[in-house]
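The values are calculated or read from the model by the stated rules, or taken from the named source; none is laboratory data. Since the structure is predicted, the reported quantities are computational estimates derived from the model, not experimental observations. In this analysis, Cβ positions are derived from the backbone assuming ideal geometry, glycine residues included, and neighbour counts consider all displayed protein chains.
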Amino acid sequence: MALSLRTAGRLGRCHALARTSSSLCAASPVASPFRASPRASPRAFRALSTSFPRRETPQVFHSLKEGPAAEFLSTFQQKTAVPQTLTEKIVQRHALGVATGKTLRSGDYVTLQPNKCMTHDNSWPVALKFMSIGASKVNDPRQIVMTLDHDVQNKTEKNLKKYSQIEEFAQNQGVVFYPAGRGIGHQIMVEEGYAWPGTLAVASDSHSNMYGGIGCLGTPVVRTDAASIWATGKTWWQIPPVAKVNLVGAMPQGVTGKDVIVALAGLFNNDEVLNHAIEFTGSDATLRTIPVDDRLTIANMTTEWGALTGLFPIDSVLHAWLRMKATDAAIYESTFKDHHALQFQHEKIDKLFTATGIVGQQTGHIFTPSLAADKGAVYAKELFLDLSTLSPYVAGPNSVKVATPLVDLQSQDIKVNKAYLVSCTNSRASDLAAAAKVFKDAAAANNGEIPKIPEHVSFYIAAASLPEQRAAEEQGDWQALLAAGAQPLPSGCGPCIGLGTGLLQPGEVGISASNRNFKGRMGSPDAKAYLASPEVVAASALSGKISGPGWYEEPSGYAGVRRGEGDGIAEEDRMMTIEDMLEKAIKQAEQTIESAETAATDAQPIAPQPSSESESLTEILPGFPEKISGEIVFCDADNINTDGIYPGKYTYQDDVTREKMAEVCMENYDPSFGSLAKEGDILVSGFNFGCGSSREQAATAILAKGIPLVVAGSFGNIFSRNSINNALMGVEVPKLANRLREVFSEATPESGQQAIKEPSNNKESPDSAPQAKQLTRRTGWTLEWDVKRSTVNVQEGPSGKKWSVKVGELPPNVQEIIALGGLEKWVKKEIGGSL
């Protein structure tokens, strides 16, 4: 009973904390329209505090307290009033207008001043937005980095003109600029030191998460946000819930960082980390086995896992990598790394760490990071993956949420037509070396001659940057790949984004070391794309079918991948204090309460909501509609990504008309959508709608189609942000998605529905619906969103049942943005056209 009372008391304190920390920073006009959602569950607030203050003072001999380690040991006596995660600490450093003494936590809205903001081929559209709001001078040129990396193979006059405009704009504004062919923007951010441990960096690209591989909190923004940062140096952000992913054990030989993230995304594929910030943790022994290049790969693809960030700790592995970079910069001159020598300096690097005063006989001076998560920091959830139980994994076809052990696919004799070693995910020198080793090993059995890939296979390679290509050339790896028949491409995104040479044709199968294999992204929607490590891609290219190099050996008695909730440490291996045991008991009690609350929510019947005279009403701004209604068009799929909503081949064409956008809207998802959906319809879909890239056209194409409202079980965060910024309304109603499936999912498709072409032996994926399911359906149902009462009313056909469900509030400040036509116009109104 005492435990229950204590837990209840802690719950009350958490609710009080939540109430007192809901105010917003108003330092930027961009921040003020947003506030915490009233839909937030009490469980979310309870998660803010689950740990008692703990005494961390170590018991040591008096002599140690006076010796060289005294300063280090004294750090254990420094108590943190409110423990923070590493994510929260970094945000605290970059938030403006925070009240004195306030400790930022997950859920808080903040005005952010990122250390760096990178834009790429979308720099010119961002510049047009920047100028349209009345800005003429970038607020802080040192904050901005511009790169050209997406459409670098396009030598048309129109594209070259856009590239020239971007370069001229950067030159006039005093902004650092990297031309086409120099490298992929994310790789440049890392290798030039713009992304720096302990700082926060953003980019107008969804794979900004990659910076987390070096302890830099990286997260994507959209074009409108980037324009705001150019103009003011600031943007708005809500600190997401933070998930801890504990890595235990060590990767076996033949298993890579790519296998780790492919397995995580495929084995935890029920939106466990959707819209979360991730912090990867583990013992020193485990983390020492994960090189920085592998960390960059893992962090990069946390985007595909559904997360907003993927952050590794600032540890000894990173320290050694940084010092190696500094030594390299000091010894070797480079025509490419123009910022490298300025940033990677030993003195600057050592400031990220604190000397303990302890000198190891083998390791030398022992350092501890100056910035780390606090002991007792609270996480929204905790997952674990035992690396020692992993084997090589392959994602797909056409989905990162379908992950299969390589050994299972090898037996299916899946022939490949194209193989790709490209992208910011896995085309660094170490990746090129791993791929080249496949061919070098084969040469040893071929009288020393590099074997050629089969005639039916095309193998494309592009380094992440020119310095990475030069490093591969110095090791002979680049030449080995070319000798095998690989076709070199300029350093850039290319096939990964579906641009340039080597795209998948109808009926073809491709395997790639890139990060995203959504249907239609790398070419035809009727092709199949798989993702794998560089060595598996190389081995598949060499054999002509999905296969590995044979470096992995399955241990005897193998029982599969060990993973789950919690920290993954076996009880017999755990050392626990009384405080640890008490904390564990409290967490178990709170999890029991949470399970009961979840069950009660899930069991809630669909029924009319009782009216109440005391119900809370939302203020409606003059001219904003109190109700939005229309017929439901149902797109019956989860994880409909931005490539499905707006094809990538149009993303960097800046002159696409509104009529054309409407025509191609949802084309990669279902070509029948264009003829079925009508102006004024309400689009309803499943869960995680709008995942994938940061392209704003995913929202504006739906608006161009004349659809004012999207309803989904849940949204990808970046799509939600784009929707608000571009005046597209969205509401999450999971009960409606489930109810529509209950009624329609088993129905026979209408005649004329687009046939789905599925090559034999390919497993269906969430992004590639079965033939028996109609992808887009006019339901005959109607939906009314009562904005004033925060209620959605559904009429199931003319003679069907009618029911209602409460939804989140659309507050007046967001109404104003939508009414004005989006954030860009709102900012222009607020600043009066001048800065």
- prompt: Within region 150-236, which helices (runs of 4 or more DSSP H) (wholly inside it) include 2 or more residues that are touching a residue at least 12 places away in the same chain (Cβ under 8 Å), hydroxyl-bearing (Ser, Thr, Tyr) and buried (at least 22 other Cβ atoms within 10 Å of the Cβ)?
  reply: 223-232
message: Within region 311-327, does at least one residue satisfy the condition of being small (Gly, Ala, Ser) and without any contact (Cβ under 8 Å) to a residue 24 or more places away in the chain?
response: yes
task: Please tell me if Lys129 is surrounded by fewer than 22 Cβ atoms within 10 Å (Cβ to Cβ) and either of a type in the set (D, E, K, R) or touching a Pro at 6+ places or on another chain (Cβ under 8 Å) (or both).
output: no
field: Whichever residue in region 663-696 is of a type in the set (D, E, K, R) and crowded, with 22+ Cβ neighbours inside 10 Å and, among such residues, is modelled with the highest pLDDT
entry: Asp670
statement: The residue from Ser458, Ser427, Ser411 that alone is among the small types (Gly, Ala, Ser) and either touching a His at 6+ places or on another chain (Cβ under 7 Å) or buried (at least 24 other Cβ atoms within 10 Å of the Cβ) (or both) is Ser427
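If you go through region 489-507 one residue at a time, do you hit one that is in contact with a His (Cβ under 6 Å, 6 or more places away or on another chain) and buried (at least 22 other Cβ atoms within 10 Å of the Cβ)?
Checking region 489-507: at least one residue is in contact with a His (Cβ under 6 Å, 6 or more places away or on another chain) and buried (at least 22 other Cβ atoms within 10 Å of the Cβ).
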message: I'm trying to understand the selection: among the residues of region 473-488, which are farther than 30 Å from Thr651 by Cα and either among the charged types (D, E, K, R) or buried (at least 18 other Cβ atoms within 10 Å of the Cβ) (or both)?
response: Glu473, Glu474, Asp477, Trp478, Ala480, Leu481, Ala484, Gly485
task: Quick one: count up the residues across region 414-424 that are in a loop (DSSP other than H, G, I, E, B), surrounded by fewer than 24 Cβ atoms within 10 Å (Cβ to Cβ) and not aliphatic (A, V, I, L, M).
output: 1
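Here is a yes/no grid of residues against (1) closer than 30 Å to Met729 by Cα; (2) at pLDDT 60 or above:
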| site | (1), (2) |
| --- | --- |
| Ala538 | no, yes |
| Leu542 | no, yes |
| Ile569 | no, yes |
| Asp573 | no, yes |
| Glu590 | no, no |
| Glu594 | no, no |
| Ala607 | yes, no |
| Gly623 | yes, yes |
- request: Can you give me the ranges of the helices (runs of 4 or more DSSP H) entirely in region 242-323 with at least 1 residues that are of a type in the set (Ser, Thr, Tyr)?
  value: 284-287, 292-300, 302-305
message: Against the conditions (1) surrounded by fewer than 24 Cβ atoms within 10 Å (Cβ to Cβ); (2) touching a Pro at 6+ places or on another chain (Cβ under 8 Å); (3) touching a residue at least 40 places away in the same chain (Cβ under 8 Å); (4) of a type in the set (S, T, N, Q), where does Ser524 fall short? Just the number, please.
response: (3)
- prompt: Just one of the numbered conditions (1) in the same structural domain as Glu192 (by TED's automatic domain parsing); (2) surrounded by fewer than 20 Cβ atoms within 10 Å (Cβ to Cβ) is not true of Asp271; which one?
  reply: (1)
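Quick grid of which residues meet (1) of a type in the set (A, V, I, L, M, F, W, C); (2) under 15 Å from Lys116 (Cα atoms):
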| position | (1), (2) |
| --- | --- |
| Thr199 | no, yes |
| Pro220 | no, yes |
| Thr224 | no, no |
| Val242 | yes, no |
| Val245 | yes, no |
| Gly249 | no, no |
| Pro252 | no, no |
statement: Within region 360-381, residues of a type in the set (Val, Ile, Thr) and at pLDDT below 85 come out as Thr363, Ile366, Thr368
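Condition (residue is of a type in the set (Gly, Ala, Ser) and touching a Ser or Thr at 6+ places or on another chain (Cβ under 9 Å)) applied to region 638-645: is it met by at least one residue? Quick ask: steps written out before the conclusion?
Step one: list which residues in region 638-645 are of a type in the set (Gly, Ala, Ser), which gives 644.
Those still in the list that are touching a Ser or Thr at 6+ places or on another chain (Cβ under 9 Å) too: none.
Scanning region 638-645 turns up no residue that is of a type in the set (Gly, Ala, Ser) and touching a Ser or Thr at 6+ places or on another chain (Cβ under 9 Å).
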statement: Counting only residues that are of a type in the set (Gly, Ala, Ser) and in contact with a strand residue (DSSP E or B) (Cβ under 7 Å, 6 or more places away or on another chain), region 435-461 contains a total of 2
Counted residues, region 473-502 - those being over 24 Å from the mean Cα position of the chain (by Cα) and part of a loop (DSSP other than H, G, I, E, B): 10
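Per-residue answers, yes or no, for (1) modelled with pLDDT of 95 or more; (2) more than 30 Å from Pro241 (Cα to Cα):
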{"position": "Met324", "(1), (2)": "no, yes"}
{"position": "Ser334", "(1), (2)": "no, yes"}
{"position": "Lys337", "(1), (2)": "no, yes"}
{"position": "Gln343", "(1), (2)": "no, yes"}
{"position": "Phe353", "(1), (2)": "no, no"}
{"position": "Ile358", "(1), (2)": "no, yes"}
{"position": "Leu385", "(1), (2)": "yes, no"}
{"position": "Val416", "(1), (2)": "yes, yes"}
{"position": "Leu421", "(1), (2)": "yes, yes"}
message: Which pairs turn up if I take residues in region 367-388 that are in contact (Cβ under 8 Å) with a residue 24 or more places away in the chain and look for partners that are surrounded by 19 or more Cβ atoms within 10 Å (Cβ to Cβ) and of a type in the set (Phe, Trp, Tyr) with beta carbon separation below 8 Å, at least 6 apart in sequence or on another chain?
response: Phe367/Phe353; Thr368/Phe353; Pro369/Phe353; Ser370/Phe353; Leu383/Phe268
- request: Identify the residue in region 437-471 that is in contact with a Gly (Cβ under 7 Å, 6 or more places away or on another chain) and either outside any loop (DSSP other than H, G, I, E, B) or assigned by TED's automatic domain parsing to the domain that holds Met210 (or both) and, among all such residues, is farthest from Asp293 (Cα to Cα).
  value: Ser458
- request: Quick one: count up the residues across region 430-455 that are of a type in the set (Val, Ile, Thr) and crowded, with 24+ Cβ neighbours inside 10 Å.
  value: 1
field: Only one of Ser675, Ser694 that is more than 21 Å from Gln774 (Cβ to Cβ), hydroxyl-bearing (Ser, Thr, Tyr) and either outside the structural domain of Ser206 (by TED's automatic domain parsing) or within 21 Å of the chain's Cα centre (by Cα) (or both)
entry: Ser694
message: Looking at region 694-714, can you tell me whether even one residue there is farther than 29 Å from Thr219 by Cα and not in a loop (DSSP other than H, G, I, E, B)?
response: no
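Test Ser556 against the stated conditions and say whether it is within 30 Å of Asp205 (Cα to Cα), hydroxyl-bearing (Ser, Thr, Tyr) and either surrounded by 24 or more Cβ atoms within 10 Å (Cβ to Cβ) or modelled with pLDDT under 95 (or both).
So Ser556 fails the test.
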statement: Given (1) over 29 Å from Ala243 (Cα atoms); (2) in the same structural domain as Val402 (by TED's automatic domain parsing), Trp551 misses just (2)
query: Can you tell me which residues in region 559-568 are farther than 15 Å from Leu406 by Cα and of a type outside the set (Lys, Arg)?
result: Ala559, Gly564, Glu565, Gly566, Asp567, Gly568
task: Examine region 630-640 for a residue that is in a helix (DSSP H, G or I) and not assigned by TED's automatic domain parsing to the domain that holds Val400, and state whether such a residue exists.
output: no
statement: Residues in region 699-738 that are β-branched (Val, Ile, Thr) and over 18 Å from Trp785 (Cβ atoms) total 2
